Amino acid sequence: MPLTWPGQAGAENEKRWRSPRRRRARAWPTTRNCGEETMVAFALWRRCPAAITASIGLLMAAIAAVSAAEQDRFPQRPIRLIVPFTAGGAYDVVARLIAEAMSKNLGGSVVVENRPGAGGNIGAQAVAAAPADGYTLLLGGLPMLTSMLTSADVGYDMFKDLTPVCGVMALDSVLVASKSTPIASIAALKEKIASGAWVTYGTQGIYTPGHFMGAWFAHVAGGKAEAVHYKGGSAYMTDLLSGELTFVAATLPVYFGLRDRLNVLATLSQRPLAQVPDAPTMTQAGLAEYMAVDWRLWAAIYAPAKTPAAARDRLYAACNAAVRAEKTKETFGVYAMEPMTDYTPERLSAFQEEQFRKWKVLVDKLALAK
């Protein structure tokens, strides 16, 4: 007997059609009949659109409330602040000072973790690949920028894979030589390079700022110097003191720790530094050409890209308060560090783009890029 629809067959077929089993089957459509599901949903929507719209609105509001509550409780576990250099250097000193203050401001722990290697790239790669939840941060800065300008692939893009959180400090450096060598002035170093003698200098890694500081000085002096790359600052300072290296560009915190055994040749600053009053600037030493760029190292805190804005803003507030704290300013002053106060994520982003453009000119002149 062919299948017929209600109204087309006799009473028996009509009875089967309206049985409770058939009604239940039609009341709960399955995925095997997507067209029927769509019709049911559309029918419900037509019957009570206001109620459904209100329900969706309540659901979205509840989700937003939960998300806001989670951000209000941020952080709920320790935050890692990765330093891409060895312990004891300028970035490490700054990181530990800021981490302590941020911990108090956030009401949770900020733990410093050193991840040295590849001129700072290993630590930066780790943060770029970390979950974007605000619990993994990087104390980065100028070394990341110089690496991007010189290497074909550093494993991350500081403009795409990281988001700026807060400016921390800018730091001056000095050229130094061991007192065990005859190099006691910037003029003596220039003369040795210009003579064609074998001259070496140490760096914290290839394409780090210290690499360019030494290479540019050799360029300005009219000669050559061999760069010797190390994994961390303490190693190259050991070799400098033993006389295996001719000179290095050292940050002031590193210099102060060894000042009794070092000759400071010149500062790499635009102005004289009160912390080293006897050291001339490059301009005062007759090498104004050396100051083609602003040589100050700068440091800032970054988070993985797409970190929620609420978490980033809370981190910025805690970081900026740490930078503005009196204890921080006093410590920064001892080491000639300039606090980068009120460097919001937006201001920091504009700053690093400007620095990128200026350093690209120097990198192109030295032709050190791969």
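Residue 341 passes all but one of (1) in contact (Cβ under 8 Å) with a residue 40 or more places away in the chain; (2) part of a helix (DSSP H, G or I); (3) closer than 27 Å to residue 125 by Cα; which number fails?
Going through the list (1) in contact (Cβ under 8 Å) with a residue 40 or more places away in the chain; (2) part of a helix (DSSP H, G or I); (3) closer than 27 Å to residue 125 by Cα, residue 341 breaks only (2).
Being charged (D, E, K, R) and either in contact with a Ser or Thr (Cβ under 9 Å, 6 or more places away or on another chain) or more than 21 Å from residue 290 (Cα to Cα) (or both) is the filter here, so list the residues in the range 192-247 that pass it.
192, 226, 231, 239, 244
Among the residues of the range 191-211, write down those that are under 33 Å from the mean Cα position of the chain (by Cα) and at pLDDT 95 or above.
200, 201, 202
Among the residues in the range 326-343, are any on the phi > 0 side of the Ramachandran plot, surrounded by fewer than 17 Cβ atoms within 10 Å (Cβ to Cβ) and out of contact with any Pro (no Cβ under 8 Å at 6 or more places or on another chain)?
yes
So that you can scan it fast, the table gives a plain yes or no per residue for (1) within 16 Å of residue 230 (Cα to Cα); (2) buried (at least 19 other Cβ atoms within 10 Å of the Cβ); (3) among the hydrophobic types (A, V, I, L, M, F, W, C):
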{"site": "101", "(1), (2), (3)": "no, yes, yes"}
{"site": "104", "(1), (2), (3)": "no, no, no"}
{"site": "118", "(1), (2), (3)": "yes, yes, yes"}
{"site": "122", "(1), (2), (3)": "yes, no, yes"}
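Hey, could you check the range 243-280 for residues that are acidic (Asp, Glu) and closer than 26 Å to residue 194 by Cβ and say which is modelled with the lowest pLDDT?
Among them, the one singled out is 278.
Test residue 197 against the criterion of being touching a residue at least 60 places away in the same chain (Cβ under 8 Å) and either touching a Lys or Arg at 6+ places or on another chain (Cβ under 7 Å) or surrounded by fewer than 21 Cβ atoms within 10 Å (Cβ to Cβ) (or both), and give yes or no.
No.
Got a sec? Which of 177, 221, 187 is over 30 Å from residue 81 (Cα atoms), surrounded by 24 or more Cβ atoms within 10 Å (Cβ to Cβ) and over 17 Å from the mean Cα position of the chain (by Cα)?
The match here is 177.
Return the residues of the range 304-316 that are assigned to a helix (DSSP H, G or I) and surrounded by 14 or more Cβ atoms within 10 Å (Cβ to Cβ); say none if nothing qualifies.
The answer is 310, 311, 312, 313, 314, 315, 316.
Of the residues 281, 238, 307, only one is free of Cβ contacts under 8 Å to residues at least 40 places away in the same chain, in contact with a strand residue (DSSP E or B) (Cβ under 7 Å, 6 or more places away or on another chain) and among the polar types (S, T, N, Q); which?
281
The values are calculated or read from the model by the stated rules, or taken from the named source; none is laboratory data. In this text, all values refer to a predicted model and were calculated from it rather than measured experimentally. With ideal geometry, Cβ positions are generated from the backbone for all residues, glycine too; neighbour counts draw on all protein chains shown.
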